[in-house]
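The values are calculated or read from the model by the stated rules, or taken from the named source; none is laboratory data. Small disclaimer: the values here were computed from a predicted structure and weren't measured. Positions of Cβ are generated from backbone atoms using ideal geometry, with glycine treated the same way; all protein chains shown enter the neighbour counts.
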Ligand code: SD4
């Protein structure tokens with residue numbers, strides 16, 4: 001089929017999915033649709049995990065990660081730890097289209113964004129500040145722990161060189177309410193594919209932490225000859241396995257999207273049986289599937305040619 005457009009996103013994000021779809025209906029291409037769809041989630045603060053006002057870091061600041069991966073010419077634009085600019089996906093598109101580079105980080109990504117005309121503004125909200133206060137009071141206050149056995153999974157900085165007592169590697173950054181990054185795949189009416197992600201990362205992360213979402217092959221990957229994949233979940237673990245790259249390469253070798261997403265998830269769960277996360281994959285024929293681990297079920301959203309609305313599918317993990 002030379003023209004079989006489809007839009008898929010991780011999680012139940014029907015608004016973002018239909019905004020991307022409408023962009024295609026208006027004649028927009030994969031890039032326009034991906035930007036419009038993911039930006040919608042940033043605006044809606046989807047599940048508190050996309051856009052401003054979510055996942056405050058240890059200092060209470062929200063920072064954003066986003067990736068734009070174009071499978072037609074294997075070009076990308078990404079931002080990591082973007083500060084004080086709400087439009088992470090649009091800034092990632094500017095990196096893709098207006099530079100020779102692939103990835104900009106932190107304050108200097110903010111400077112680039114301002115040069116591109118984006119507004120600088122605080123990403124905190126009353127909600128993110130109170131989330132942070134509560135965590136700070138309960139986890140960083142030695143008095144709070146005086147009569148309670150400290151929970152080593154809920155510690156906070158300042159960090160020390162590794163010792164027997166180090167809790168650095170055991171912090172609980174993810175729970176069932178805290179892994180709803182948007183990963184989106186678009187095949188447009190020209191049969192061209194792109195994939196991307198946008199997220200505010202992990203709750204109470206150490207300032208400077210960047211997750212898997214903006215890393216090519218980890219959060220998203222696309223190759224027009226094969227298909228695309230996106231991933232969501234515990235990025236600190238998942239990025240070590242490049243699950244989106246693996247899923248695409250498995251499809252290149254002949255796996256179906258179901259086999260490919262399962263292989264990518266299993267590669268991680270073999271080493272980290274409890275990791276929470278999911279991989280969603282689509283191939284050039286428009287077949288798609290997802291696999292997940294460490295949650296009960298994983299919802300994802302789809303709309304394609306001939307459907308009049310977005311469908312949310314549930315995969316059992
Ligand atoms: C991260 N992978 O920063 C992101 C979080 C996530 O769905 O996917 N949430 O680790």
Legend entry - Single residue of segment 64-88 satisfying the filter (in a loop (DSSP other than H, G, I, E, B) and either at positive phi or in contact (Cβ under 8 Å) with a residue 60 or more places away in the chain (or both)) that is surrounded by the fewest Cβ atoms within 10 Å (Cβ to Cβ): 74
Inset, instruction - Considering (1) buried (at least 19 other Cβ atoms within 10 Å of the Cβ); (2) part of a helix (DSSP H, G or I); (3) touching a residue at least 60 places away in the same chain (Cβ under 8 Å), say which one residue 47 fails and leave the rest. - result: (1)
Legend entry - Given (1) touching a helix residue (DSSP H, G or I) at 6+ places or on another chain (Cβ under 6 Å); (2) touching a residue at least 40 places away in the same chain (Cβ under 8 Å); (3) in a helix (DSSP H, G or I), number of the condition residue 56 does not satisfy: (3)
Legend entry - segment 196-220, subset in contact with a strand residue (DSSP E or B) (Cβ under 6 Å, 6 or more places away or on another chain) and either closer than 14 Å to residue 156 by Cα or part of a strand (DSSP E or B) (or both), residue nearest to the ligand (Cβ to nearest atom): 199
Inset, instruction - Kindly indicate which of 264, 291, 281 is part of a helix (DSSP H, G or I) and either crowded, with 19+ Cβ neighbours inside 10 Å or within 13 Å of the ligand (Cβ to nearest atom) (or both). - result: 264
Inset, instruction - Could you tell me whether any residue of segment 237-257 is crowded, with 17+ Cβ neighbours inside 10 Å, at positive phi and either outside any loop (DSSP other than H, G, I, E, B) or modelled with pLDDT of 95 or more (or both)? - result: yes
Inset, instruction - Would you be able to say whether some residue in segment 89-104 is buried (at least 24 other Cβ atoms within 10 Å of the Cβ) and assigned to a loop (DSSP other than H, G, I, E, B)? - result: no
Inset, instruction - From 50, 19, 7, 85, grab the single residue that is touching a helix residue (DSSP H, G or I) at 6+ places or on another chain (Cβ under 6 Å), more than 16 Å from the ligand (Cβ to nearest atom) and closer than 18 Å to residue 125 by Cα. - result: 85
Legend entry - Any chance residue 61 is over 16 Å from the mean Cα position of the chain (by Cα), surrounded by fewer than 24 Cβ atoms within 10 Å (Cβ to Cβ), more than 12 Å from the ligand (Cβ to nearest atom) and in a loop (DSSP other than H, G, I, E, B): yes
Inset, instruction - Filter segment 221-233 down to the residues that are within 10 Å of the chain's Cα centre (by Cα) and on the phi < 0 side of the Ramachandran plot, then identify the one that is nearest to the ligand (Cβ to nearest atom). - result: 232
Legend entry - Selection from segment 27-58 of residues that are touching a strand residue (DSSP E or B) at 6+ places or on another chain (Cβ under 7 Å) and more than 24 Å from residue 193 (Cβ to Cβ): 49, 57
Inset, instruction - Could you tell me whether any residue of segment 295-317 is modelled with pLDDT of 95 or more and at positive phi? - result: no
Legend entry - Checking residue 180 against (1) in contact with a strand residue (DSSP E or B) (Cβ under 9 Å, 6 or more places away or on another chain); (2) within 16 Å of the ligand (Cβ to nearest atom); (3) at pLDDT 90 or above, the condition it does not meet: (3)
